[in-house]
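J.: This structure is in structure tokens; I'll ask about it shortly.
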Amino acid sequence: MELGFGPEYDSFREEVRAFIKAHWPPADGNPKSRENERAFVIAATEAGYMHRSIPKRFGGSEQEPDIIKAEIIREELTKARAPAGRIPGNGLVVPTLLEWGTEEQKERFIAPTLRGDILWAQGFSEPNAGSDLAALRTKAELVGDKWIINGQKIWTTHAHKATHMFCLVRTEPDAPKHQGISYLLVDIRQPGVTVRPLIQMTRQLEFNEVFFDNAETPADMLVGERGKGWNVTRSTLKHERSGIATMTWSLSMFRDLVKLAKEVERDGKPAIQNPRIREELAAIQGELMSLTYSTYRATSHDVHDRDIGRFQTMPKIYMTELAGRIAKLARDIVENDFVDFGGEKLKWIERFMISLSMSIAGGTSNIQRNIIAERSLGLPRDHHGGKAAA
Amino acid sequence: MNFLLSEEQLALVDSLADLLRDNCDAQHVHKMFDTPGDAVIDADLWAQLVAFGLPAIIVPEEHGGLGLQMIDLAIVAETLGAYAAPVPFFGHVLATLAIVLGGSDAQKTKWLPRLAAGDLLATVALGEGKSAWMPDEWTLSAANALSGVKTLVPNAAEADLIVVGVKEGLGLVEKGAAYTVKRSDGADRTRPLDTVTFEGATAELLEGGKDALPKLIDAAAILIAADAFGGAEHCVDMSVDYAKMREQYGTTIAHFQGLRYQLVKMALATEPSRGLYWYAAHAWDAIPEQASHAAAQAKAHLTDTYLQVTRDTVEAHGGIGFTWEHDTHIYMKRAMWDWAWLGSPTRNRLRAADLAGW
Ligand SMILES: Cc1cc2nc3c(=O)[nH]c(=O)nc-3n(C[C@H](O)[C@H](O)[C@H](O)COP(=O)(O)OP(=O)(O)OC[C@H]3O[C@@H](n4cnc5c(N)ncnc54)[C@H](O)[C@@H]3O)c2cc1C
């Protein structure tokens, strides 16, 4: 048993650190600028630290797969608060295109997507197709060399900023539910598409309704075969749940929580000295350590081609519940500031709510439970559920 | 990074599980509960485990042991926990470890070969009063002859040697010295506990006993956590298997979403905690600066989880789960033992908070 990465990886880590140090924070001192972020991602890709699994001809860095190197890069980027090159949506479409796309689709879309010149929205959910995604009704008809699309998507994150959408549409109205769906790529900056922002409970504007009214996309924008969109989607959903990203995120939220508990006073002393808060903080840390070391275990099992076992299906819901528990302890620490949206503790009020979006987006917690029940515990298939939605 | 068990470790667990499957099935364990009178240890099974080599695992090779590590001992503890094995493993290996960690050369030469070979049975007497488990809370002293009371001492009645936690560190008290033992009517009849009253007993201090204390306490925490994992996982498996078999409303109860979610909750509490106890054992072996914190966290989290999972197991079984005949109560009582020994989850979490430097 060995938790370190070994000497060869130590030198790799040094290289990554030196690279980041030379490129981030940016020379003009503005880490928020999109140009700076873009330049960093391009440099990191050239150096072989980003988009490692993607061929060079599509704008990737085409490195040998190495989970440990990937983990080291992720750790160092997080520590330096440098851009990770991940743009929501884009990370889902690229692996799907690599697996299912035509040569032409790959050439046309992957490189600009990695550079951030094309921004994708994920058009899966509809008003009447949430967890039961295959019930979707937005339809596309092939007329000549174009698909004509009519219908509505909802909860579409970043559609108001996106240039394109990868979406699921019904193309074979007479086929059974799962067999009538196709996966299409659509330029959404066209007159047939209307994007209407929806305001989240956090007051932020991130997701949207998207209406298709005779919107068009060329016939060759079909990914995979006609009527086989459900299979194509399964690979997208697979990429949506990454254990390590999950863990890194939880660790940084916990560090913030400890800092908060040390800074905020309660009865004239730092809140962290209050026994109830102290105990809950330690209890949360116990769960976080469980998640962390089970993730290391899972990664090691992956590397050695061993079965991960029951843990495989668990990281998403485990982190969701942990994030809720962290947010609730923060609430108990900030007390009156919890109701002040204009105050300096706004971040924690937002987290209190955002931790809930994790229990919905990417397959609700109940859907995760269905998956655990079937795949990890081997309980009989439940025909009412078990299929993860977007 | 290689955070997994080696082929040798997997083989160790497999062969131990084989031995226990043959010699320690549930019926066998039930007998410990059904035999009237004081709880006893299962001397036959212990003899088999001695022959298998369990007491030798953590003893260095030069003293007749196998020279393995805490992670090896912990995966053994997990397996014993899964089978609820009624053997004096815990007290014996901790007492052995105390001498490995704190004994002088002479003390090691005198005791370790016999402990590794299982010729003698040893135990540890640490706790006092209601819940005074940590060295700075101990009141007994070996400065002169040893007097005072230690509680929750595993199998003291059967032990040839007791390692006693004292203000000066650790004292060795041999059978026949001036002490009396009273067996408790303990909930867990697979691991009998005694109250030991020392009345001017001769105690020989371990030369490096004081320095050995933190590692000894951590080892106890890790072995309990590992036992808890084994027991909790067994309860999850038992509940899942039952759900696949028991029928109501014309179908197996595994079809009912409410029950499915109860089972998922149990598995979600249990499975990820494996990583925590592995880490605690690994830190004991290889990351000394993290070891005490990890051990306290593992002990708190795993024993809290185990006890709750045994409650959930009763619910998942219905009436049969509430009976004396069913296995669940055996695991619940082991979970109670694990919960109390070395302090409650609350105490260990507050200790972990101190150790984290909060
Ligand atoms: C912040 C956010 C961002 C999102 N971004 C996107 C996006 O970019 N693109 C996109 O396509 N979608 C997106 N979604 C949509 C998301 O995928 C859906 O909301 C989700 O799949 C649930 O669908 P629903 O909202 O229709 O809820 P429903 O499916 O109606 O669920 C309602 C409740 O019923 C429960 N339930 C449903 N079925 C079962 C079952 N079989 N067993 C047990 N319980 C069940 C659910 O768990 C939930 O508690 C986003 C959602 C959020 C909150």
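The values are calculated or read from the model by the stated rules, or taken from the named source; none is laboratory data. Worth saying up front: this structure is predicted, and the values here are computed from it rather than measured. Glycine also receives a Cβ, built like all others from the backbone with ideal geometry; neighbour counts cover every protein chain displayed. Protein only, heavy atoms only, side chains kept; ligands, DNA and RNA dropped before computing areas. Shrake-Rupley method; radii C 1.70, N 1.55, O 1.52, S 1.80 Å.
J.: Check region A:171-181 and report whether any residue there is within 12 Å of the ligand (Cβ to nearest atom) and open to solvent by less than 40 Å² (accessible area, probe 1.4 Å).
T.: no
J.: Consider region A:85-118. How many of its residues are at pLDDT 85 or above, over 13 Å from A:His51 (Cβ atoms) and of a type outside the set (A, V, I, L, M)?
T.: 13
J.: Tell me yes or no: at least one residue of region B:252-259 is surrounded by fewer than 23 Cβ atoms within 10 Å (Cβ to Cβ), touching a residue at least 24 places away in the same chain (Cβ under 8 Å), at the interface with chain A (Cβ under 10 Å from one of its Cβ atoms) and touching a Ser or Thr at 6+ places or on another chain (Cβ under 8 Å).
T.: No.
J.: Quick one: how many residues across region B:115-140 are crowded, with 18+ Cβ neighbours inside 10 Å and of a type in the set (D, E, K, R)?
T.: The number of residues fulfilling the criteria is 1.
J.: Being open to solvent by 10 Å² or more (accessible area, probe 1.4 Å) and more than 8 Å from every other protein chain (Cβ to nearest Cβ) is the filter here; which residues of region A:274-285 pass it?
T.: Of everything in region A:274-285, those that are open to solvent by 10 Å² or more (accessible area, probe 1.4 Å) and more than 8 Å from every other protein chain (Cβ to nearest Cβ) turn out to be A:Asn274, A:Arg276, A:Glu280.
J.: Here is a list: A:Glu62, A:Glu107. Which entry is open to solvent by 40 Å² or more (accessible area, probe 1.4 Å), acidic (Asp, Glu), touching a residue at least 24 places away in the same chain (Cβ under 8 Å) and farther than 30 Å from A:Asn366 by Cβ?
T.: A:Glu107
J.: Please state which of the following conditions B:Thr109 fails to meet, knowing it meets all the rest: (1) open to solvent by 10 Å² or more (accessible area, probe 1.4 Å); (2) β-branched (Val, Ile, Thr); (3) within 15 Å of the chain's Cα centre (by Cα).
T.: (3)
J.: Also, quick follow-up: Residues to consider are B:Ala11, B:Ala26; find the one that is closer than 18 Å to B:Gly231 by Cβ and surrounded by fewer than 22 Cβ atoms within 10 Å (Cβ to Cβ).
T.: Result: B:Ala26 is the single residue among B:Ala11, B:Ala26 that is closer than 18 Å to B:Gly231 by Cβ and surrounded by fewer than 22 Cβ atoms within 10 Å (Cβ to Cβ).
J.: Let me ask something additional. Are any residues in region A:354-373 within 9 Å of chain B (Cβ to nearest Cβ) and open to solvent by 20 Å² or more (accessible area, probe 1.4 Å), and if so, which ones?
T.: A:Asn366, A:Arg369
J.: Can you find, within region B:321-358, the residue that is farthest from B:Asp237 (Cα to Cα) among those that are within 20 Å of the chain's Cα centre (by Cα) and among the aliphatic types (A, V, I, L, M)?
T.: B:Ala352
J.: Collect the residues in region A:354-375 that are polar (S, T, N, Q) and either within 6 Å of the ligand (Cβ to nearest atom) or more than 14 Å from B:Gln262 (Cα to Cα) (or both), keeping them in residue-number order.
T.: If the condition is that a residue be polar (S, T, N, Q) and either within 6 Å of the ligand (Cβ to nearest atom) or more than 14 Å from B:Gln262 (Cα to Cα) (or both), then A:Ser355, A:Ser357, A:Ser359, A:Thr364, A:Asn366, A:Asn370 are the ones that fit.
J.: Kindly indicate the residue of region A:286-307 that is more than 7 Å from chain B (Cβ to nearest Cβ) and surrounded by fewer than 18 Cβ atoms within 10 Å (Cβ to Cβ) and also modelled with the lowest pLDDT among those meeting that condition.
T.: A:Val303
J.: With the condition being touching an Asp or Glu at 6+ places or on another chain (Cβ under 7 Å) and under 21 Å from A:Ile284 (Cβ atoms), I'd like the helices (runs of 4 or more DSSP H) fully within region B:241-358 carrying at least 1 qualifying residues.
T.: By residue number, B:257-270, B:288-317, B:345-355.
J.: Then there's this: Out of B:Asp194, B:Asp218, I need the residue that is open to solvent by less than 10 Å² (accessible area, probe 1.4 Å), free of Cβ contacts under 8 Å to residues at least 60 places away in the same chain, touching a Ser or Thr at 6+ places or on another chain (Cβ under 8 Å) and under 20 Å from B:Gly343 (Cα atoms). Which one?
T.: B:Asp194
J.: Next question, about the same structure. Just a yes or no: is a residue in region A:273-292 within 16 Å of the ligand (Cβ to nearest atom), of a type in the set (S, T, N, Q) and touching a helix residue (DSSP H, G or I) at 6+ places or on another chain (Cβ under 6 Å)?
T.: No, because not a single residue in region A:273-292 is within 16 Å of the ligand (Cβ to nearest atom), of a type in the set (S, T, N, Q) and touching a helix residue (DSSP H, G or I) at 6+ places or on another chain (Cβ under 6 Å).
J.: Okay, next question. Could we say that B:Asp241 is facing chain A (nearest Cβ under 9 Å) and of a type outside the set (A, V, I, L, M) here?
T.: no
J.: Go through B:Ala159, B:Ala228, B:Ala212 for me and flag whichever is among the hydrophobic types (A, V, I, L, M, F, W, C) and touching an Asp or Glu at 6+ places or on another chain (Cβ under 6 Å).
T.: It is B:Ala228.
J.: Out of region A:314-353, which residues are within 14 Å of another protein chain (Cβ to nearest Cβ) and more than 16 Å from the ligand (Cβ to nearest atom)?
T.: Scanning region A:314-353 gives A:Met314, A:Pro315, A:Tyr318, A:Leu322, A:Arg325, A:Leu329, A:Ile333.
J.: All but one of (1) away from the ligand (no atom under 14 Å from the Cβ); (2) crowded, with 20+ Cβ neighbours inside 10 Å hold for A:Phe207, so report the exception by its number.
T.: Single failed check for A:Phe207: (1).
J.: Those residues that are modelled with pLDDT under 95, surrounded by 21 or more Cβ atoms within 10 Å (Cβ to Cβ) and within 16 Å of the ligand (Cβ to nearest atom), I need them from region A:210-245; list them, please.
T.: Residues satisfying the conditions are A:Val232, A:Thr233, A:Thr236.
J.: Would you mind stating whether B:Asp285 is within 23 Å of A:Gly4 (Cα to Cα), open to solvent by 40 Å² or more (accessible area, probe 1.4 Å), acidic (Asp, Glu) and within 9 Å of chain A (Cβ to nearest Cβ)?
T.: yes
J.: Let me ask something additional. Tally time: how many residues in region B:304-346 are open to solvent by less than 10 Å² (accessible area, probe 1.4 Å), closer than 13 Å to B:Asp188 by Cβ and not acidic (Asp, Glu)?
T.: Residues in region B:304-346 being open to solvent by less than 10 Å² (accessible area, probe 1.4 Å), closer than 13 Å to B:Asp188 by Cβ and not acidic (Asp, Glu): 6 in total.
J.: Still on this structure: Does region A:1-33 hold any residues that are among the acidic types (Asp, Glu) and either within 14 Å of chain B (Cβ to nearest Cβ) or not in a loop (DSSP other than H, G, I, E, B) (or both), and which are they?
T.: A:Glu2, A:Glu8, A:Asp10, A:Glu14, A:Glu15
J.: Looking only at residues that are surrounded by 19 or more Cβ atoms within 10 Å (Cβ to Cβ) and either modelled with pLDDT of 95 or more or polar (S, T, N, Q) (or both) in region A:376-389, which one is nearest to the ligand (Cβ to nearest atom)?
T.: Top of the filtered list is A:Leu379.
J.: From the set of residues in region A:122-140 that are hydrophobic (A, V, I, L, M, F, W, C) and under 17 Å from A:Ala215 (Cβ atoms), which is farthest from the ligand (Cβ to nearest atom)?
T.: In this case the residue turns out to be A:Ala140.
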